[in-house]
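Below is one structure, written out as structure tokens; comments come after it.
Values in this text are rule-based calculations from the coordinates and carry no lab data. Nothing here was measured: the structure is a model prediction, and the numbers come from that model. Cβ atoms come from the backbone with ideal geometry, glycine included; neighbour counts cover every protein chain shown.
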Amino acid sequence: MPTHFGPADGPRQWPGDAVADPKRSKRTLSVAASFLTDASALEQHLPEGFTLAGEPAVTVEFHHMTDIDWLAGRGYTMIWVTWPATFKGSRDRATGKFLAVVWENLTDAIITGRDEIGHPKLYADIEEARRLDGVQICTAGWRGFRFLELEVSQLHDAETNQQGPASDGNLMLKYKPRTGAWGEADLCQVTLTPASDPDRHVEQRQAGVGTVRFHKATWADLPTMHHVVNALAALPVIEARGGTVTLSRGGKSYRDQRVLV
């Protein structure tokens, strides 16, 4: 919206004279860290039809993106919080990363991503990634309240073609409320981003020791999302599961997103 001016341009819709090159754009610095937590705590935050798949490991990923073609060379940053899950519907079954929440620091990407592909996106102030004394540091906040810190230290080179566990892709819940009928849904569906991304090329990967910390917030600290941050802050960190720093180029536009039933 507003649709009466025509379709909204974005990563999946382009003006006629613009040129996209998914093998070149975008350039991404990804910083991730994982930790093992309590399975029953994670299960509380899975929608109907989902179950945990494997170990209850939470991964937080900062993706600092530059040279984005659909933004005419500009960039922005996204944060993903995921854990492994399986969805079983009336027709479909898929196992992969359950995308619990996404934070981004660009409203344009938030709006189109929520509406078109069902990503659970929120806004955050995300600082530029920085490296100090060999430690990669990432932080996020909202209007002065820092709610997330991630660090990867003791970095060393790792294989660029390293493969993770077998996955059908990223799973998420797309939800739109019904206007005037509070608590009811106009739309509630599970969407899948297939794992295949042939245009993405990893140029460098490093591994190390990763740490993640969510800071508990009051309502006054984060009036619109303290419940999200506090749910993540309440997850016990049983064991750190390492971190990575990855430099890549290219990537898909999520036009292959589909609904699971």
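In this structure, residue 220 does not satisfy being farther than 27 Å from residue 112 by Cβ, part of a strand (DSSP E or B), of a type in the set (Gly, Ala, Ser) and without any contact (Cβ under 8 Å) to a residue 60 or more places away in the chain.
Per-residue answers, yes or no, for (1) surrounded by 12 or more Cβ atoms within 10 Å (Cβ to Cβ); (2) in contact with a Phe, Trp or Tyr (Cβ under 7 Å, 6 or more places away or on another chain):
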residue	(1), (2)
147	yes, yes
158	yes, no
173	yes, no
182	no, no
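Among the residues making up the stretch 81-102, those that are among the hydrophobic types (A, V, I, L, M, F, W, C), within 18 Å of residue 34 (Cα to Cα) and in contact (Cβ under 8 Å) with a residue 40 or more places away in the chain are 81, 83, 85, 98, 99, 100, 101.
Condition (residue is out of contact with any helix residue (DSSP H, G or I) (no Cβ under 7 Å at 6 or more places or on another chain) and closer than 21 Å to residue 202 by Cα) applied to the stretch 4-12: is it met by at least one residue? No, the conditions are met nowhere in the stretch 4-12. Remark: residue 132 falls outside the filter, which requires a residue to be buried (at least 19 other Cβ atoms within 10 Å of the Cβ) and among the aliphatic types (A, V, I, L, M).
Looking at the stretch 28-62, which of its residues are surrounded by fewer than 19 Cβ atoms within 10 Å (Cβ to Cβ), assigned to a strand (DSSP E or B) and touching a Gly at 6+ places or on another chain (Cβ under 8 Å)? Result: no residue meets the conditions.
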